[in-house]
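Structure first, then comments.
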Number of protein chains: 2
Amino acid sequence: MLLSLKLSYKTTTGQDYQAGLPPKDLVLINNGTTKEEDEDLVDPWNVQTSNAKGVDYDKLIVRFGSSKIDTDLINRIERATGQKPHHFLRRGIFFSHRDMDQVLDAYENKKPFYLYTGRGPSSQAMHVGHLIPFMFTKWLQEVFDVPLVIQLTDDEKYLWKDMTVEKAYEYARENAKDIIACGFDVNKTFIFSDLDYLGTSAGFYKNIVKVQKHVTFNQVKGIFGFTDSDCIGKISFPAIQAAPSFSSSFPQIFNGKENIQCLIPCAIDQDPYFRMTRDVAPRIGQPKPALLHSVFFPALQGAQTKMSASDPNSSIFLTDTPKQIKTKINKHAFSGGRDTIEEHRKYGGNCEVDVSFMYLTFFLEDDDRLEQLKQAYTSGELLTGELKKVLIETMQPLVAAHQERRKQVTDEIVKQFMTPRKLAFEF
Amino acid sequence: MLLSLKLSYKTTTGQDYQAGLPPKDLVLINNGTTKEEDEDLVDPWNVQTSNAKGVDYDKLIVRFGSSKIDTDLINRIERATGQKPHHFLRRGIFFSHRDMDQVLDAYENKKPFYLYTGRGPSSQAMHVGHLIPFMFTKWLQEVFDVPLVIQLTDDEKYLWKDMTVEKAYEYARENAKDIIACGFDVNKTFIFSDLDYLGTSAGFYKNIVKVQKHVTFNQVKGIFGFTDSDCIGKISFPAIQAAPSFSSSFPQIFNGKENIQCLIPCAIDQDPYFRMTRDVAPRIGQPKPALLHSVFFPALQGAQTKMSASDPNSSIFLTDTPKQIKTKINKHAFSGGRDTIEEHRKYGGNCEVDVSFMYLTFFLEDDDRLEQLKQAYTSGELLTGELKKVLIETMQPLVAAHQERRKQVTDEIVKQFMTPRKLAFEF
């Protein structure tokens, strides 16, 4: 049996077994994604927690080795930009970062940086949760006045889903319309589909192949959990999400300059890609991208899971009518209220698990109003139905306004955003 | 110790050890590259045989599952083109094929096809052996009058060698000059560097990602022997060599048409790439490429190994002077002659292992003269020194003429060949 084990070991690793020694070159660079029994599961494809309050983000910061966005950092952003910090910062929705101090150092020394964010266009339908990184990125772009690149990973969706290349590209263009409808400035923003841009950029593929040379299968296995039966497209894809972190991927925008600092606002489930990128960057002579991480947007049914674009009742979609919004919230939004009005009046509701309240922290900008609602709900003064009504009245105009702006986004405007070109900055 | 082994097993495979069972999803799809003890080793990076006559090609045909180029097929090519078959066909230098009958069927029915060949630009220096596929491809292009695409896999060389992206691209351009000097028609030929073309083609990356979706790590492990410690660039590279087999990788040439038959002349060590390609093709709705396989060009020291661009004495380089050619052949060309003149006169020389005679089969076009030399050498009438003199007098003008043509290849001409464009064909 020992012989058979040794043989299996050799078949698997290609090396003779030596007691006590791990296989050579099989060091798993795990970067903290290993999960203990009672921990939340967070990677680019899965977010799972057993806690109704959602993922324990403080623990995640420790596990991922990132840094908390604390009051000092928020104050520094306010000083540097002269602007009141976005409510996503004030309320801990963007809660974690990597090297944001360095970005601010550079900014204060008049050194340029740029923003990079993205989206995997898995379907035509986007929900309000998908807006979070874009709303925040738009604010960052405005207060820092920097270029922004937005990657649509249609190739990723083609590789992962049962979908044609053509359909993935179509979704990318449709999603671009929703992103544009967030109000980005065409003179400062470049949106690209991988399937499209890879074939039009002199710099993108060169950076991809550089990353691909410096990451082994063992590493992506450790970071992303890929297996031997995964297709080679999935295995090499992380390099494609990594490459826009390097300014030379955009020669038209940065005039071929290689060393411009990148800042990536994204949900924390995307961090594994950028841990890998930051590991590779110095080895290919590039600066490490900085990151700002957001929490997950909860499903209507509760904060245990990330919202899903495939379940229409798990989310408020950007295409929903006012009536659908009202019905969904009233019917599906998990309540932190009590079972009877009497009990609710007596003991109060629980904002920490109430999805309507959570949604309001994302979308109700007025801090005082939010605090009033929290007090009233917690004390039992405000009933669940009344809280839901506030949310409905917040979401209906927000979604309607989005739909109105999206209608204005013509194919010509999409083409403008998606054309590789010089932006309104000098490099 | 058993526990420790089981733990290592689990770390490596991600699965619990079960006695006697190989890890799941680790089925090696080998496609015939598994080598018995006494067999020749042939893959894109290694050619090894213990036989002085060189690799046993009949056995290779059986192992790879290709078909022998027999007299019937050669006669059919002659009938179809109305041209005397190239001496590489007459002499078994191109000895194996896949689906060449289908290409001829299509040709006789006036259906279009195109040629695809390539080179990995591992250094600036090319040797005469590197010319073989290009000389033959040029002949094919002339007799069939079809478009030709030539891939320079500078990305592959960057991934495999200790080389910068810039250096790999420089070698690609230098190698392109030698290829152009073979006399290709600029109106019918497109030469491309992967590093360059991937960023300028609307179709190439789409085909690459399609291939990448349909090939697993298990498969490339079986076909190419990749391991878990190989970089993800190597692992996904086979898709990049596969994609030019599909006409939609060249929208400018084929007007976006997807279903045009491809014929690939190459040395047989490249077959693993195209076995993989042929396996994927029907699953992505593309025709399988047909192939014509050549034998390997022997090193001066003997036919046991493939020529190496890194050992200057193993080959005649395209940059060698007449004097260098003379010295190399006299000093290094392995002789099939006898130890003394007396013995040679009595028993005769052995053409089957004599490298000078082998080289003449490649480069001396005159069949009658070659037959005379063979008779005279075998009978002992012709001495090794005299045979070497014939080879020297064959190679000196051939290399000098190449150098003369290469001098005429300006950067402007290279640019013309390497610009994606419509060729002199209608699709």
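Observations on the structure shown:
- Within segment A:264-280: backbone nitrogen closer than 20 Å to the residue A:258 label point (7 Å, Cα to C-beta): A:277-280
- Taking every DSSP bridge with both residues inside the protein assembly as shown, close to 45 percent are antiparallel.
- Considering only chain A, percent of DSSP beta bridges that pair antiparallel, nearest 5: 40
- Ascending distances from the residue A:405 label point to its copies in the other chains, with the point 7 Å along the Cα-to-beta-carbon line: 6.2 nm.
- With a 10 Å cut-off around each Cβ of A:229-242, the average count of Cβ atoms from other chains is 6.
- Think of it as helices only: each DSSP H run of n ≥ 4 in chain B is worth -39500 (n - 2.57), and spread over all residues that comes to -13500 deg cm²/dmol at 222 nm.
- Label zone of residue A:83 (point 7 Å out along Cα→Cβ, amide N under 19 Å): in segment A:176-199 this covers A:179-191.
- Ranked from largest, the principal axis spans of the Cα set of segment A:127-233 equal 43, 29, 28 Å.
- Listed pairs B:210/B:415; A:53/A:389; A:111/A:288; B:111/B:257; A:206/B:257 exceeding 19 Å between Cα atoms: B:210/B:415; A:53/A:389; A:206/B:257
- The angle separating the long axis of helix A:131-144 from the principal Cα axis of greatest extent in chain A is about 80 degrees.
- Distances between every pair of Cα atoms in the protein assembly as shown, grouped in 10 Å steps from 0 to the bin holding the largest one, split as 2, 11, 19, 21, 17, 13, 8, 5, 3, 1, 0, 0, 0 percent.
- Exposure proxy shown here: for A:66, B:379, the number of other Cβ atoms within 10 Å sets the order, fewest to most, as B:379, A:66.
- Cα gyration tensor, segment B:44-196 - rounded (a/c under 1.5), prolate or oblate: oblate
- Chain B: C-alpha gyration tensor shape, a/c 1.5 cut-off, then a/b vs b/c: oblate
- Sorted by Cβ density within 10 Å, fewest first, the residues A:288, B:177: A:288, B:177
- Share of pairwise Cα separations in segment B:110-180, more than 16 Å, in percent: 51
- In a fully extended conformation the segment linking residue B:327 and residue B:404 would gain 25.6 nm over its present Cα-Cα distance, using 0.36 nm per residue.
- Residues B:140, A:263, sorted so that the one with the fewest Cβ neighbours within 10 Å comes first: B:140, A:263
- In sequence order, segment B:273-288 has phi-based couplings of 4, 8, 4, 4, 4, 5, 5, 7, 3, x, 6, 10, x, 10, x, 5 Hz under the Karplus curve 6.51 cos²θ - 1.76 cosθ + 1.60, θ = phi - 60°, and Gly or Pro positions carry x.
- Fluctuation leader among A:196, A:178, A:366 - chain A, Gaussian network, Cα springs under 10 angstrom: A:366
Laboratory data are not the source of any read-out in this text; all were calculated from the coordinates shown. From a predicted model like this one, the values you see are computed outputs, not experimental measurements. With ideal geometry, Cβ positions are generated from the backbone for all residues, glycine too; neighbour counts draw on all protein chains shown.
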